[in-house]
Each structure stands twice: as structure tokens, then as C-alpha cells.
Amino acid sequence: MKCTFFSIFLLFSCLATALDLPKQFQLIPSPQKVEVRSLNGIKFNDITYISSENNDFPVLGDITDKLPRTKRSGKGVTLKIDKSVTPNYEEGYILDIQKSGVEIKANSNKGLFYGVQTLEQLLEDSRDFNKSIPLLHIEDFPSIDYRAVHFDTKHHLDKMDYYYRCIDKLAHYKINAVIWEIEDKLRYVRRPEVGAQNAMSIEEMQALSKYAIDRNVEISPLIQGLGHASFILKHHWEVRENPESDWEFCPSNPQTYEIQFDLYRDALEAMPYGRYLHVGGDEITQIGIDQRCTERGLSAFQLQMEWLSKVCDFAVKNGRTPIFWDDMPLKYAQVWDLIFADKTDEEINEVWNTEKLDKAIEMFPKDCIYMRWCYEDPERTAHKKILKWYHDKGLKVMAATSASAGDSPFMPRNNTRTPYIKAFSTLTANNHLEGILATAWDDGSPHWETVWRGFIGQGEFGWNPTKRSIDEFKKAHSQREFGLNYDDNYTQFIDSLEKSVFFFDGALVKSGRRNPAWGVNYFEIIDLPDINNKGKWNEKYIDRIEEAKAQKERFITISAEIEKAKSNALRNRYTLEIYQQLSNLFYFPAQIIIALNEYDLSKNENERREALEKIKTINDGFTDLRNEIENVYSKTRFLSNPSGYMLDMNHARHLASKTNNNDWMFLYEIPMNKAINDWILQQQK
């Protein structure tokens, strides 16, 4: 067979286009299209300048911002606004890396900004691993236009410089919005009694909002109502629906709207670049019991609709699109429970009936967005039916998944909830929803450093839902965030920590719960051994003892992996410090249980004294353990409420709202520590 020059050319062309981006280059989020033309490309230090054909630069990254902004000898980065660029997306861009240099084209500054962010990651990997960036062509754009995360500061306040760093990170991973549940952490001017004494000023929030929008991150406020209003109603008893509860406003009291609208006005002024006003509106339980409501003869649902219509009208008149949680119509139409029901497709289809929902939706405002929240598996049959029903009705819907659902006071679980984020992002793109929000509830106030893997997952899957698997994302996250080698998998300890927290949650109690999502209730700590009934404690708690031993082995592995990650990390060591402190805390109950078991099984007086001394050493170490956790946490957040701060009395009994200092973090450990001290004194008599 004769081999022509042209056929050879075609063969090499096909081989070139078939090349993959080397593992040393892990871009988050994954671009839509990457064509690698040659592995023999350019290196980090080959780039000597950056220029703009339009004489206008977007905000640059850490690396590109250090480059001279004028052409000179060497290889440069050229930025170009080109209205003919395809794909024709405002945030889309084309990035070409050639032997002569780099060109980024887009039809807007937003596209250029994201092209630069992608280049930043390529340059970072080239620098970190001393590898040439391949010659390549990237065509990239988001699958979902509005990609938001939730800043919930109801129970904590971080330091201002930390919020700026958070905005930088969101922008780096192409998250373009924040919905900020500000509660009382804004210093309201029109209602100063609502803002906490240490709250951010309107001017501080305006400055942060401007910094964010310059990086294509728009911040919109979430001011809770009709329920979830404890931060307001603890000051304003006169507008409560139930005098004994600070949870819900009375929708029949004109003062309700005077107060809410004043808070809205301040929040909109503080966050002037956002397009939305999130008004809450979910989890209403007692509407219609107040005399002002009963005298009007309206149903609870009608009263809710009256409130919703008024607040939505306010938003529209003030140039914002209102968003509200969508459980009101779904609960009224009795389809809500079906979303979470453990039923087969056939069983769901048999009982599925939207007749009542069809009627209910006629009463809802039309110039609004329904936020369809689902924090677990969004691919359940009933949930997909709801999305189809919304689509058929022509209603605007935004998805709300969760990077932290409030189920733990210390860290999210299940791969930082990224499987749910990926699944709902896929549904959002396929159903052309208005956008997606990754919530991060502050019920148990986990440190945001433990939530960031979920936020970054929203960046990944909100931009490109199907490119990576969860395992591939986690490895890419390890490289991107810490500069760790993709194949070393040094951050697998995070998955082990997620398992550890399940044991930690209830290890020291025989009844009760501290799950912040469902409310904190009465608890009773475990019994302590009785020397006169040797071995009985072991029999009673044998299962827990075995779990504690497994926890010990897990702790040893986690500690070694964290140390390895810290030794090799090139950046973001503070995140690893947070994880290390949590690992130490999670191990504390296991240490106590194992030592108590040794005491209970001691065979003679010497063994008993040694075991007792060991228990005392571990228990005395709790103070140092707590101090170290507080030292690390306090680098970014305030650990105590200001003097005179009034806690919520809300019926949700949020864990993080139980104390004005951070005692709530050690809900079981503090009483256990005291009980053991008292018990040791008794044993020493």
C-alpha cells in the first residue's frame, strides 16, 4: 500500500488532536473542549508580559498580575475582545497556547477574566511540577449561567479579610454569585436594634460587593421571612404570630412589612450589584393563630400568599427579582412528602396528582423565581416530576443543592456532598433552570474551610456537570488547592474524617442528639465504671468500645496522612490545620472510652492506678485540646458573640445558637470532662 505525504499528514493530525492534557495539569472547572496539539509547549517562566489589544484588562490573577503590561521580547499573553468569538457566551472564552505565546479571546471582559483564570491554573501547574504547558486550544463556556454559593452567617462572623479571600477563591473556580444570608451580621441603619454589635457596616459590605463584582461575583441578600425570623423577632415581640415564639411574623400586622422593608432597603444598599432579593418563606408552622389573623377569616395558606405577594412586589419595585423557597406550594398541594418517600417509580406514579398544585400555583406571584431545594439525591422520581411540572407551567426555577446541610457542627459528610451537587447540576443544565445555589447552612456553624471542597465542587459541576467523576474531582481538588500531586491522593484523609465524625457525634452519650439540622434536645452522658462491679461497664458498652478502637486506628492513619499533606502542600496549609484540629477533637471520646475500659478490666491495684492516671491525663488534656482548636479557628472567625448579645429562642434549637461563646462546639465533651473529674476524685478516696 502506497503511503502518500497527505496521508502521513492526516495521521499525525489525528494523533495530535487525540492527545490528552497531562495529569500534571488539572483545571477546575473542567473546560468544555480541550484540544492538545503538542506536549512540547511552553513553561511558566517563558511568559514575560501580558498585553491587551483593547487597552482594558480584567482583574488578573496572582501570577499574571505580576507580569509587565506592555509588549517586550519573549513570549507574551495577549488579551482580545472579539465579538465574533464563538462560542457566543458572555462568560465564554477561547484560549490558544502556541510556541510564540498565549492568546485569550472573548466577547466580553467576563470571558477574558475566566480565560485568565484558566491560564493561571496552567501556569501554576507548570511552576509547581516543572512541566511544559502543552500547545493547546480551549473553547470554554458554562453549562449553567448562574452558579452561586450560600454564605450563611446567622450564628458566626468571620473576619473581613477572610471574606475577601473567599471572593478570590470563588472567582478562581468560576463561581459567579453569592446569596448571603446576612441575618443580624449587617449593621442596619433603619433598624439598628436588629444588627449585632459587631456586625459589618453597610459601607464595608458595599466595598466587598464592589471587590466581588470586579471579579464577576455578584452578591445578593437573603433576608428571612415569613418564618426563620428569630434574629428580628427576638427584638420585635409586637409583630410575632405567636408571642411565645420568635420564629414567625404575623402577616396581618402592617408593622411586619414596615420592619421587613426597612431591612430589605439596607441590605439592597449594602449589596448593590446583585440581581436578586431572596425572601425565604419556608418552614411556616403556626400562621393563622394570632387574633389579627383569625379575625380576617383567611386560611394559613392565604395568609402566606398575602405576605409573599407583598414582599415580592417590594423586590420588583426596587429592581430585584424575588426568590423564595418553593416548599409552600408543594406542601399545600400534598406532594412534598412524595419527594422524600421511599417508594418505587410505579408507586409514585400511582399517587401522583398535581390538580391541587395546579390551583395553588395560580395564587403565587409570577415575577419571581421558585428555589427548588433538595439537599440529598435529586434524581428521585417525584423530584424529577416536580421539575417537569415547573417546566410545563413555564415557571422560573432555580436549584438549591447543599455543600453543608447543617447535619454536623464540624464538617459536611459524603464527599463534602459533591455527589448531590453533581447530580443536581446535571439536572439544572438539562432542564435549563435559572441557576443553582450550593447552600451552606450555619445551624452547626462548621468552619468554612471544611465546606470549601463542596463549594469548589459547585464550581466544577456548575460549569461542566459531566466531565469528571467524584473521585476524579477529589484528586483534582487536592492538586488544585494544595499543589499536591494528582496521583499521590494525600487528601484522602478527608473521607476518613467524615466517617470519624459519625462516631464522635454520639460517642459520649447514651441518649440525646446534637444534630443541628433537627434541633438539639436533652442528652444524658454515658455511665462511668463502678469498681465494685468490675467488668459490667465493659459488658454494657462493648459495641462502643470496639468502635472506639476502630476510631483509634482511623485516627493514626488520618494523622499520618495530614502530616504528609502538610509536608508536601504548596499552599492553603490553614485548611489542613483546621482538619488536623478536628481530627484531634474526634479522637478525644475514643481515648476516654478506651481508657475507661482499661480501668474497668484492671486486674489488680497497680493496673487500676495506672488506668486511673491515664484517664486523668487524657481528661486534663481536654483544656489544651480546646485551646488549640480555638487558636486555629480564631485566625479567621470571631468565636464569641459581643457583650449583651441576645440568643435566638427559635424552635429549631440550632446547636450554634446555644451559647454566646463556643461552648456549643463541645456540647457533650464539657459535661463529660467535669463528670470524669468528679469521678476520679471519688476513685482516689
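Readers should treat all values here as calculations from the given coordinates under stated rules, not as data from a laboratory. This structure is a prediction, so every number in the text was calculated from the model and none was measured. Backbone-built Cβ (ideal geometry, glycine too); neighbour counts: all protein chains shown.
For residue 356 and residue 379, FRET efficiency with R0 = 30 Å and r from the beta-carbon atoms, rounded to 0.05?
Efficiency, rounded to the nearest 0.05: 0.75.
Could you tell me, in Å, what Rg and Dmax come out for the Cα atoms of segment 25-76?
Cα radius of gyration and Dmax of segment 25-76 are 13.3, 33 Å respectively.
Let me make sure I get this right: for segment 265-392, a, b and c are the square roots of the gyration tensor eigenvalues over alpha carbons, sorted descending. Under 1.5 in a/c it's rounded, otherwise prolate if a/b > b/c, else oblate. Which is it?
Oblate is the answer for segment 265-392, as a/c is 1.5 or above yet b/c matches or exceeds a/b.
For every other residue with a beta carbon closer than 9 angstrom to the beta carbon of residue 462, add +1 if it is Lys or Arg and -1 if Asp or Glu, then tell me the sum. Before the final figure, lay out each step's value.
Numbers: positive: 147, 174; negative: 460.
Computed value for this residue: +1.
Based on the mean of other beta carbon atoms within 10 Å per residue, what is the order of 284-291, 437-444, most packed first?
The packing order, highest mean first, is 437-444, 284-291.
May I ask what percent, to the nearest 5, of DSSP beta bridges between residues of segment 32-152 are antiparallel?
Percentage antiparallel, nearest 5: 60.
Listed highest first by mean packing, meaning other Cβ atoms within 10 Å per residue, what order do 35-43, 396-404 come in?
396-404, 35-43
Hey, what did the chain get for relative contact order, percent, Cα under 8 Å, at least 6 apart?
Reported relative contact order: 12 percent.
Search the structure for amide H atoms under 5 Å from the amide H of residue 525, placed 1.01 Å from N in the peptide plane, and list their residues when 5 or more places away or on another chain.
Here 510 satisfy the definition.
With a sphere of radius 12 Å drawn around the Cβ of residue 124, what net charge do the other residues whose Cβ falls strictly inside it have (Lys, Arg +1; Asp, Glu -1)?
-1
What list of ³J(HN,Hα) values in whole Hz, one per residue of segment 255-269 in order, does the Karplus curve 6.51 cos²θ - 1.76 cosθ + 1.60 (θ = phi - 60°) give from phi, with Gly and Pro shown as x?
Couplings: 5, 3, 6, 4, 5, 4, 5, 4, 5, 4, 4, 5, 5, 5, 5 Hz.
List the residues whose amide H sits under 5 Å from the amide H of residue 277, counting only those 5 or more places along or on another chain, with H placed 1.01 Å from N in the peptide plane.
Those qualifying (amide H under 5 Å, at least 5 residues apart or on another chain) are 321, 323.
List the pairs from 474/635; 110/467; 110/169; 110/174; 210/422; 310/366 whose alpha-carbon separation is above 18 Å, in the order I gave them. Let's see the in-between values first.
Numbers: 474/635 26 Å; 110/467 23 Å; 110/169 16 Å; 110/174 10 Å; 210/422 30 Å; 310/366 12 Å.
Table pairs above 18 Å Cα-Cα are 474/635; 110/467; 210/422.
If you take all C-alpha pairs in segment 391-508, what percent of them are over 17 Å apart?
The share of Cα pairs beyond 17 Å in segment 391-508 comes to 57 percent.
Sum -39500 (n - 2.57) across every DSSP H segment of at least 4 residues in the chain, then divide by the residue count to get the 222 nm mean residue ellipticity, nearest 500.
-14000 deg cm²/dmol
Hey, for a label at residue 540 modelled as a point 7 Å past Cα toward Cβ, could you say which residues of segment 494-510 have their backbone N under 15 Å away?
Hits in segment 494-510 for residue 540 at 15 Å: 508-510.
Over the alpha-carbon set of segment 42-149, work out the extent along each principal axis and list the three values in angstrom, largest first.
Sorted largest first, the three principal extents are 35, 29, 24 Å.
Per 0.36 nm of contour for each residue apart, how much would the distance between residue 604 and residue 499 grow if the chain were fully extended, relative to their Cα-Cα spacing? Please report the intermediate quantities before stating the final value.
Details: separation 105, 0.36 × 105 = 37.80 nm, distance 3.64 nm.
Residue separation times 0.36 nm, minus the Cα-Cα distance, leaves 34.2 nm.
I need the shape label for segment 547-611. Rule: rounded when a/c is under 1.5, else prolate if a/b > b/c, else oblate, with a, b, c from the alpha carbon gyration tensor.
prolate
What ³J(HN,Hα) values, in whole Hz, does the Karplus curve 6.51 cos²θ - 1.76 cosθ + 1.60 give for segment 491-502 when θ = phi - 60°, with x put for Gly and Pro?
Whole-Hz 3J(HN,Hα) from phi for segment 491-502: 9, 5, 4, 4, 5, 5, 4, 4, 6, 4, 5, 5.
Filter the cross-link list 549/614; 616/685; 510/549; 159/234 down to pairs whose alpha-carbon distance in this structure exceeds 20 Å.
159/234
Give the long-range amide H neighbours of residue 219: residues separated by 5 or more places, or on another chain, with amide H under 5 Å away, using H modelled in the peptide plane at 1.01 Å from N.
Long-range HN contacts for residue 219: 178, 273, 274.
Can you tally the net charge around residue 284? Count Lys and Arg as +1, Asp and Glu as -1, for every other residue whose Cβ sits under 10 Å from the Cβ of residue 284.
The answer is -4.
So what is the relative contact order for segment 356-415, in percent, with contacts set as C-alpha pairs under 8 Å and at least six apart? All intermediate terms of the calculation are to be shown ahead of the outcome.
Details: 39 pairs, mean separation 22.4, N = 60.
Relative contact order of segment 356-415: 37 percent.
With a ≥ b ≥ c taken as the square roots of the eigenvalues of the C-alpha gyration tensor of segment 98-154, please select rounded if a/c is under 1.5 and otherwise prolate if a/b is larger than b/c or oblate if it is not?
Oblate, since a/c reaches 1.5 and b/c is not below a/b.
Which percent of the Cα-Cα distances in segment 485-559 go past 14 Å?
On the way: 1965 of 2775 pairs.
Tail of the P(r) past 14 Å holds 71 percent of the pairs.
Longer than 27 Å from Cα to Cα, which of 499/534; 43/105; 23/99; 154/674 are they? Say none if no pair is.
499/534; 154/674
Listed highest first by mean packing, meaning other Cβ atoms within 10 Å per residue, what order do 196-208, 180-192 come in?
Result, highest mean Cβ count within 10 Å first: 180-192, 196-208.
How big is the gap, in Å, between the Cα center of segment 27-95 and the Cα center of segment 580-618?
Here the two parts' Cα centres lie 58 Å apart.
Using θ = phi - 60° and the Karplus form 6.51 cos²θ - 1.76 cosθ + 1.60, what ³J(HN,Hα) does each residue of segment 209-225 get, whole Hz, x for Gly and Pro?
The phi angles translate into 4, 5, 4, 5, 5, 5, 10, 6, 10, 9, 10, 10, x, 10, 10, 5, x Hz.
Give the distance, in whole Å, between the Cα centre of segment 382-446 and the Cα centre of segment 119-176.
When both Cα centres are located, 20 Å separates them.
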